[in-house]
1. On the full set of protein chains, 1.4 Å probe, figure out the accessible area of E296 and give it in Å² to the nearest 10.
2. Take W191 and H299, extend 7 Å from each Cα along the Cα→Cβ direction, and tell me the distance between the two endpoints in nm.
3. Mind putting a number on the dipole of the range 260-311 about its Cα centre? Charges go on the C-beta only, +1 for Lys and Arg and -1 for Asp and Glu, and I need it in Debye to the nearest 20.
4. May I ask for the distance between the Cα centers of the range 47-104 and the range 234-260, given as a whole number of Å?
5. When the Debye formula is applied to the Cα atoms of the range 63-208, each taken as the same point scatterer, what base-10 log of I(q)/I(0) results at q = 0.13, 0.20 Å⁻¹?
6. Answer with one residue from A249, V203, L281: the one whose Cα lies farthest towards the positive end of the charge dipole of the chain, charges on Cβ with Lys, Arg +1 and Asp, Glu -1.
7. Just the number, please: carbon plus sulfur as a percent of the accessible area of the chain, 1.4 Å probe, no ligands or DNA/RNA counted.
8. So if I average 1/r over every pair of distinct C-alpha atoms in the chain and take the inverse, what Kirkwood radius in Å does that give?
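The values are calculated or read from the model by the stated rules, or taken from the named source; none is laboratory data. Remember, it's a predicted structure, so these values are computed and weren't measured experimentally. All Cβ positions, even for glycine, are placed from backbone atoms using ideal geometry, and neighbour counts span all protein chains on display. With ligands, DNA and RNA removed, areas are computed over all heavy atoms of the protein, side chains included. Shrake-Rupley method; radii C 1.70, N 1.55, O 1.52, S 1.80 Å.
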Amino acid sequence: MIRSKKARRRAVYVAQVLGVTGAYYLSGRLGLMRQVVIDGAVVTPLWPPTGIALAALLCLGVRVWPGIALGTLITVADIGDAFTMSRLAIMLGNTLAPLAAYALLRKVGFRSELVRLRDGICLVFLGAFAGMLISATIGSFTLLADGKVPPGRFWLVWSSWWAGDAMGVLVVTPVLLVLRRVRLPRLDDRWLEAAVLAVVVVVAALISTRSSLSMIYLVFPVIIWAALRFQLPGSAPCALVVSVFAIIAGTDSLGPFAGHTLMEIMANLTVLNGCVALTALLLGATVAEHKNIRRETEHAVVELEALVDQLAPLSRPGTGRQYGDGRERPFGGGSHPGR
């Protein structure tokens with residue numbers, strides 16, 4: 001029995017590592033479908049594997065890090081023709097970045113439920129902005145040392161790399177954390193509202209990213225609607241949909257991205273995806289936190305009412321103290337003989 005339990009745990013662990021490896025690789029292939037080459041460096045406006053790696057660490061623990069390393073190794077090797085020390089360094093950076101982000105989030109008491117505003121802020125600044133500095137820095141310096149990136153273009157490559165990795169955390173990680181604990185609600189009017197929201201977000205994303213009238217701001221009322229009514233389970237997928245449509249339009253130079261240089265398109269995509277993700281994440285977390293506070297307050301009121309009902313008989317007639325004159329006086333009140 002002991003051996004079977006150990007074997008079962010080992011099999012589960014291997015399955016988890018291989019699952020993380022497969023998810024990392026497949027999401028990397030999806031991200032590379034919209035790759036951008038800047039002076040020999042392959043970058044993407046949004047790199048989904050970083051979001052998957054951080055979500056895997058938050059859900060399964062640090063023990064699945066070999067899956068991240070293996071997925072990175074396969075993805076990096078698949079880009080080039082040969083495996084070199086430079087690719088090994090890039091693999092190291094892409095593995096250390098989510099591990100560092102995970103360590104920072106654990107240090108500040110991050111909760112993967114994302115029901116507090118502080119959790120959303122920590123995911124933004126520690127998980128995305130700070131943690132992804134490692135992968136961007138190691139990767140960019142590696143390409144610089146190989147001579148694939150000229151010194152004058154280093155910061156451009158570095159910022160593009162960092163932005164793609166950070167957007168992967170901001171856009172993909174919240175969706176995966178929400179899917180982990182999502183439960184199908186009862187059949188009621190919210191199903192109809194959710195269906196309407198899904199249609200509206202797709203239409204708004206299409207119009208805002210394909211129209212030449214610069215209507216990109218059209219998506220924000222939809223994101224706010226999703227956050228106010230459905231919190232993160234609604235706003236996070238909407239942000240992902242908007243980001244995907246924006247990246248497709250940007251890399252194809254359509255709509256508001258037409259007529260711009262590659263650098264301008266990358267900058268616009270970074271700003272748009274960042275604003276959409278921040279709005280969805282922080283507003284959704286704020287609304288969820290307020291709902292939890294209200295629920296806890298109502299529960300406290302119910303408990304207080306029950307306590308008052310229990311103490312009420314003590315203040316009724318017949319519960320006072322008998323004195324020598326035969327009269328009954330309540331506790332703490334009335335006059336005493338001799339005064």
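1. The accessible area comes out at roughly 130 Å².
2. That separation, rounded to one decimal, is 2.9 nm.
3. Computed about the Cα centre, the dipole is about 300 debye.
4. So the separation of the two Cα centres works out to 26 Å.
5. Evaluating at q = 0.13, 0.20 Å⁻¹ gives log10 I(q)/I(0) of -0.75, -1.20.
6. Of A249, V203, L281, it is L281.
7. Its accessible area is 66 percent carbon and sulfur atoms.
8. Taking the inverse mean of 1/r over all distinct Cα pairs, the chain comes out at 23.0 Å.
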